[in-house]
Amino acid sequence: MTTITNNNVIGAWDAEHALPFEVPTLEAVGLPAGGLPSGGLPSAPTDAAGGLPSAPTGAAGGWPLSQLRAEFPILSERVEGGKPLVWLDNAATTQKPRAVIERLQEYYEHENSNVHRGAHTLAARATDAYEEARGKVAAFIGAPSADNIVFVRGTTEGINLVAQSFVKPLLSPGDEIVLTILEHHANIVPWQVLTQETGAVLRVAPVDDTGQILVDEYRRLFSPRTKFASFTQVSNALGTVVPVEELIAIAHAFGVPTLVDGAQSIPHTPVNVTALDADFFVFSGHKLYAPTGIGAVYGKREHLEAAVPYQTGGNMIKDVTFERTVYQDPPQKFEAGTGNIADAVGLGAAIDFLEQIGIAHIAAWEQELLRYGTAELTKVPGLHLVGTAHHKASVLSFVLDGHSVEEIGQALSREGIAVRAGHHCAQPILRRFGLEGTVRPSLAFYNTPEEIEQLAQVLHRLAG
Ligand code: PMP
């Protein structure tokens, strides 16, 4: 076992659990010493995955990683005078597989039309493709029906929609909304705006020194004035996996509906909104290997019916006179104007692609990479990890003694390694650890152990 000490962290390691306090050797997790295999993802823990058209399964039933990477043309890009691109900025956005790129091309070459209107062949094709994508999103997150899915621009627009359409009408002065300190600004500012508009107030759940929510403190925030609770499932700044099922159950015990920000969870872990009993779940397509400008809000039927659209106009109506308007039923009620049809279709293609690999394979491989990355980074003298919860996904946030985070980001960029350096749109949680910024490598399933080694090498050089 590699034992990591508190010298390597800001805050503290999780004292209760073995991981990541003690990072097991690679042999202990069934992998060859000296590095993870770049030959393939580990075999599926649960499901029997189908096959990508051009990627036969590996000997162990896993996917050959090199073939998976070949599905992402941009991963062969060279930058900085010919260096291979190392994309470790997946929490900001993910790269797109050929299946998505080609689906967009096919849509524009053979199907492009506005939807829900116009009785002609292409309108029918575009409408079918758009509604099929809605069905794929619903199935992917375990929603009971496609009617529970509203297409939006992304997580930010989704949270604004829920805040303005569902929560605002519930609020009176002095009412309370519960958030956590882990939230991205997208899950803070829309609620702050609501407090200014209604006289409601925010209550914020704290974290422990590992970056995990203090659930008892969260529970204590609820009162008869609490009207809504909104929290992330995975922190984009620290990588903490939040026990959202428990947070939802606590809120429900007080009769309070909830929103789960799934921007950082949906690429890394299977999600089932029905099993979670989430009232709302929002995510962005671009963090799920799909195009930018498309995302989804899942809402329980009764909530979508009760909510009042905050954007109005064409597409979302049944009947309009100058005296009154009758809205469509959900989800169309919330989709005013012409939507991002092509990119919704692209999101459907991304989901098909991921389902072929199996999200369980993806989660398992990414956990191995995260474990390996944790072990490698904490060997760098003067490096301090920020965010050391027992349950983490994808993110390795850190600071390095004697170097600004911008300096490190630039030094890595010169080697072709893309990471984020800064506040990650989550200033409250970084300030909780006394920081204004961190360097944040973030992993996706197409990353390799060699890429982690390259990252560590540059950091060793800077530290030395
Ligand atoms: N929430 C979290 C946890 C995020 O990581 C992000 C994106 N960084 C957002 C919300 C906002 O997502 P988008 O910019 O795609 O709307």
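The values are calculated or read from the model by the stated rules, or taken from the named source; none is laboratory data. Since we're looking at a predicted model, the values are computed, not measured. Cβ coordinates were reconstructed from backbone atoms using ideal geometry, including for glycine residues, and neighbour counts include every protein chain displayed. These area figures cover heavy atoms from the full protein model, side chains too; ligands, DNA and RNA do not enter into them. Shrake-Rupley method; radii C 1.70, N 1.55, O 1.52, S 1.80 Å.
Is there any pair with a first residue in region 402-417 that is modelled with pLDDT of 95 or more and charged (D, E, K, R) and a second that is open to solvent by less than 50 Å² (accessible area, probe 1.4 Å) and not in a strand (DSSP E or B) whose Cβ atoms are under 6 Å apart and which are 6 or more apart or on different chains, and what are they?
Qualifying pairs under 6 Å: Glu415/Val458.
Kindly list the number of the only condition in (1) away from the ligand (no atom under 16 Å from the Cβ); (2) touching a Ser or Thr at 6+ places or on another chain (Cβ under 6 Å) that fails for Asp401.
It is condition (2) that Asp401 fails.
Just checking, how many residues over region 180-230 are farther than 24 Å from Ala91 by Cα, of a type outside the set (Lys, Arg) and assigned to a strand (DSSP E or B)?
Total meeting the criteria: 4.
Whether any residue in region 292-313 is open to solvent by less than 10 Å² (accessible area, probe 1.4 Å), polar (S, T, N, Q) and within 16 Å of the ligand (Cβ to nearest atom) is what I want to check.
No; the residues of region 292-313 include none that is open to solvent by less than 10 Å² (accessible area, probe 1.4 Å), polar (S, T, N, Q) and within 16 Å of the ligand (Cβ to nearest atom).
May I ask you to list the residues in region 177-225 that are of a type in the set (Asp, Glu) and under 26 Å from the mean Cα position of the chain (by Cα)?
Glu183, Asp208, Asp209, Asp216, Glu217
Among the candidates Glu407, Glu436, Glu450, Glu366, which residue alone is within 25 Å of Thr269 (Cα to Cα) and open to solvent by 10 Å² or more (accessible area, probe 1.4 Å)?
On the way: Glu407 fails: within 25 Å of Thr269 (Cα to Cα); Glu436 fails: within 25 Å of Thr269 (Cα to Cα); Glu366 fails: open to solvent by 10 Å² or more (accessible area, probe 1.4 Å).
Just a single option satisfies the conditions, and that option is Glu450.
Filter region 314-350 down to the residues that are free of Cβ contacts under 8 Å to residues at least 12 places away in the same chain and buried (at least 21 other Cβ atoms within 10 Å of the Cβ) and list them by number. Give the derivation first.
We begin by selecting, within region 314-350, every residue free of Cβ contacts under 8 Å to residues at least 12 places away in the same chain; these are 317-324, 326.
Hits for region 314-350: nothing passes.
Of the conditions (1) under 30 Å from Ala229 (Cβ atoms); (2) open to solvent by 70 Å² or more (accessible area, probe 1.4 Å); (3) not charged (D, E, K, R), Asn112 clears all except one; give me its number.
Asn112 satisfies every listed condition except (1).
Condition first: charged (D, E, K, R), surrounded by 16 or more Cβ atoms within 10 Å (Cβ to Cβ) and more than 16 Å from the ligand (Cβ to nearest atom). Now tell me which residues in region 181-207 satisfy that.
Residues of region 181-207 charged (D, E, K, R): 183, 197, 203.
Pick out the ones that are also surrounded by 16 or more Cβ atoms within 10 Å (Cβ to Cβ) and you get 183, 203.
Scanning region 181-207 gives a single hit, Arg203.
Give the residue that is nearest to the ligand (Cβ to nearest atom), with candidates limited to residues of region 453-463 that are in contact (Cβ under 8 Å) with a residue 60 or more places away in the chain and open to solvent by 30 Å² or more (accessible area, probe 1.4 Å).
Quick first cut of region 453-463, residues in contact (Cβ under 8 Å) with a residue 60 or more places away in the chain only: 453-456, 459-460, 462-463.
Those still in the list that are open to solvent by 30 Å² or more (accessible area, probe 1.4 Å) too: 453-454, 460, 462-463.
On the way: Glu453: 26, Gln454: 24, His460: 29, Leu462: 26, Ala463: 28 Å.
Looking at residues that are in contact (Cβ under 8 Å) with a residue 60 or more places away in the chain and open to solvent by 30 Å² or more (accessible area, probe 1.4 Å), I get Gln454.
Filter region 78-87 down to residues that are within 26 Å of the chain's Cα centre (by Cα) and more than 16 Å from the ligand (Cβ to nearest atom) and give me whichever is least open to solvent (accessible area, probe 1.4 Å). Don't jump to the end; show me each part of the working.
Here is the first cut: in region 78-87, the ones within 26 Å of the chain's Cα centre (by Cα) are 84-87.
Add one more test, that the residue is more than 16 Å from the ligand (Cβ to nearest atom), and what stays is 84-86.
Values: Pro84: 68, Leu85: 21, Val86: 3 Å².
Ranking the qualifying residues of region 78-87, first place goes to Val86.
Only one of these conditions is not met by Ala99: (1) touching a strand residue (DSSP E or B) at 6+ places or on another chain (Cβ under 7 Å); (2) within 19 Å of Phe353 (Cβ to Cβ). Which number is it?
Only one criterion is unmet by Ala99, namely (1).
Among residues belonging to region 253-291 that are of a type in the set (Asp, Glu) and under 16 Å from Ile177 (Cβ atoms), point out the one that is surrounded by the most Cβ atoms within 10 Å (Cβ to Cβ).
Taking region 253-291 and keeping what is of a type in the set (Asp, Glu), we get 261, 277, 279.
Still in the list and also under 16 Å from Ile177 (Cβ atoms): 261, 279.
Working: Asp261: 30, Asp279: 24.
Going through the qualifying residues, I end up with Asp261.
Take the residues in region 248-263 that are touching a residue at least 40 places away in the same chain (Cβ under 8 Å) and either under 16 Å from Ala205 (Cβ atoms) or assigned to a strand (DSSP E or B) (or both); name whichever of them is farthest from the ligand (Cβ to nearest atom). It would help to see each step written out before you state the result.
Kept after step one, since they are touching a residue at least 40 places away in the same chain (Cβ under 8 Å), are these residues of region 248-263: 251, 256-257, 259, 261-263.
Cutting the leftovers down to either under 16 Å from Ala205 (Cβ atoms) or assigned to a strand (DSSP E or B) (or both) gives us 251, 256, 259, 261.
Numbers: Ala251: 19, Val256: 21, Leu259: 11, Asp261: 5 Å.
Step by step, filter region 248-263, then rank; the result is Val256.
Return the pairs, sorted by first residue and then second, in which the second residue is open to solvent by less than 10 Å² (accessible area, probe 1.4 Å) and among the polar types (S, T, N, Q), the first residue lies in region 151-180 and is under 12 Å from Tyr310 (Cα atoms) and more than 16 Å from the ligand (Cβ to nearest atom), the beta carbons are less than 9 Å apart, and the residues are 6+ apart or on different chains.
Listed by first residue and then by second, the contacts come to Val167/Ser230.
Kindly evaluate Ile266 against the criterion of being within 11 Å of the ligand (Cβ to nearest atom) and of a type outside the set (S, T, N, Q). Outline the logic, then answer.
On the way: within 11 Å of the ligand (Cβ to nearest atom): yes; of a type outside the set (S, T, N, Q): yes.
For Ile266, the condition - within 11 Å of the ligand (Cβ to nearest atom) and of a type outside the set (S, T, N, Q) - is met.
Specify the residue that is farthest from Leu443 (Cα to Cα); the eligible residues are those in region 273-289 that are among the aliphatic types (A, V, I, L, M) and within 13 Å of the ligand (Cβ to nearest atom). If you could, list the steps in order and put the result at the bottom.
In the first step, residues of region 273-289 are kept if they are among the aliphatic types (A, V, I, L, M); the result is 273, 275-276, 278, 282, 288.
So of that shortlist, the ones also within 13 Å of the ligand (Cβ to nearest atom) come out as 282, 288.
On the way: Val282: 21, Leu288: 12 Å.
By that ranking, first place goes to Val282.
Residues that are more than 21 Å from the chain's Cα centre (by Cα) and more than 27 Å from Glu80 (Cα to Cα): list the helices (runs of 4 or more DSSP H) wholly contained in region 353-464 that include at least 2 such residues. Walk me through how you get there before you give the answer.
Values: elements: 359-377, 405-414, 427-432, 449-463.
Qualifying helices (runs of 4 or more DSSP H): 427-432.
When you scan region 88-95, do you find a residue that is within 16 Å of the ligand (Cβ to nearest atom), in contact with a Phe, Trp or Tyr (Cβ under 8 Å, 6 or more places away or on another chain) and at pLDDT 95 or above, even just one?
First pass over region 88-95, keeping only residues within 16 Å of the ligand (Cβ to nearest atom): 88-95.
Adding the requirement that they be in contact with a Phe, Trp or Tyr (Cβ under 8 Å, 6 or more places away or on another chain) leaves 94-95.
Restricting the remaining residues to those that are at pLDDT 95 or above gives 94-95.
Taking every residue of region 88-95 in turn, at least one turns out to be within 16 Å of the ligand (Cβ to nearest atom), in contact with a Phe, Trp or Tyr (Cβ under 8 Å, 6 or more places away or on another chain) and at pLDDT 95 or above.
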